[in-house]
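Some notes on the structure that comes next.
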Amino acid sequence: MSIGPAGSASGTAHTDITQPPVVRIRGGAVAYAGQRVLSDVHLDVVPGDVVALLGPNGSGKSTLVRAILGLVPLSSGSLELFGTPITRQRDRARIGYVPQRHTVGGGVPATVEEIVASGRLARRPLLMPWLGSADRGVVTDAIATVGLAEKAHAQISTLSGGQQRRALIARALAGEPDLLVMDEPFAGVDVANQEILTRTLTKLTSTGVTLLIVTHEIGPIAALVRRTVVLGHGRVAYDGPPTPSVLRRFAGADPDPHSPPAPEPGDSFGIVG
């Protein structure tokens, strides 16, 4: 059994522009208490894409993610998920989300397997919340995918922060998402766990899972990222390939530390700070 979207096949990762965009936003705006946080956002994320969402603190990244997840409404504009307007979206299980916090449990005793199994419930009928053998197979596979098979029956509270982070990813994978949204996946994670997370994400891209990653630390996954979307003052300031100057300025990465920074075509961000 392989972790990935239903019906996907293993192989070389690629985007699929023949299918509706996984995410399509046109003129999107979000306001809190009458104050605009996002303005006139246009964004397409196509199946199989690997997008890094960058920008300074306060640029609107978290708000954009919350809008995509349906947690905050657009005040104007339109949002479609998998070709369906969000107001008619009924298949939220196709989206997996890994929040920014890198610890889980909240003091409640639970094993890694139990935490990951909770991510499977979204795929179960409302009146059939228990997990069958096929569900448990997916849970086992998700735990193995993030390299925690030996910790499956361990209490989540006994794991390191990096291992707990991997358990959160496994929980999202248990829902077999077509889109995986991750908020700062490498925050507070040591180098060894960063390497394991990177291998996990590489494996996911080979199955066709679409990745949208909010990050200030793109270094570990620089080879995976195909697009960078930079937000500034609630607007899309840049949408294009991960050029060296974009990575230097917004992702703490320098692909060639021996070469001095140089302006590049299309790198007029218009962002202060």
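The values are calculated or read from the model by the stated rules, or taken from the named source; none is laboratory data. Just so it is clear, the model here is predicted, and its values are computed rather than measured. Here the Cβ is made from the backbone with ideal geometry for all residues, glycine too, and neighbour counts use every protein chain on show.
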For segment 169-224, give me each residue that is within 18 Å of PRO99 (Cα to Cα), part of a loop (DSSP other than H, G, I, E, B) and touching a strand residue (DSSP E or B) at 6+ places or on another chain (Cβ under 7 Å).
GLY175, PRO177, ASP178, GLU184, PRO185, VAL209, THR215, ILE218
Hey, does segment 149-156 have a residue that's touching a Gly at 6+ places or on another chain (Cβ under 7 Å) and under 28 Å from PRO56 (Cβ atoms)?
no
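Which of the following residues is surrounded by fewer than 22 Cβ atoms within 10 Å (Cβ to Cβ) and under 26 Å from GLN35 (Cα atoms): ALA237, ALA223?
Working: ALA223 fails: under 26 Å from GLN35 (Cα atoms).
Unique residue meeting the criteria: ALA237.
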Residue under question is VAL138, and the condition is that it be in contact (Cβ under 8 Å) with a residue 40 or more places away in the chain and in a strand (DSSP E or B); does it hold?
no
Which ranges mark the strands (runs of 3 or more DSSP E) fully within segment 27-82 that have 1 or more residues being touching a Gly at 6+ places or on another chain (Cβ under 8 Å) and at pLDDT 95 or above?
35-45, 76-81
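So, of the residues in segment 111-135 that are at pLDDT 90 or above and within 16 Å of ALA172 (Cβ to Cβ), which turns out to be surrounded by the fewest Cβ atoms within 10 Å (Cβ to Cβ)? Talk me through it step by step, then tell me what you get.
The first filter runs over segment 111-135 and keeps only residues at pLDDT 90 or above, leaving 111-117.
Those left that are additionally within 16 Å of ALA172 (Cβ to Cβ): 112-117.
Values: VAL112: 28, GLU113: 21, GLU114: 16, ILE115: 23, VAL116: 28, ALA117: 22.
Step by step, filter segment 111-135, then rank; the result is GLU114.
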Could you grab the pairs with beta carbons closer than 9 Å, sequence gap of 6+ or different chains, first residue in segment 37-59 and free of Cβ contacts under 8 Å to residues at least 60 places away in the same chain, second one buried (at least 23 other Cβ atoms within 10 Å of the Cβ) and among the β-branched types (Val, Ile, Thr)?
ASP44/VAL22; ASP44/VAL23; ASP44/ILE25
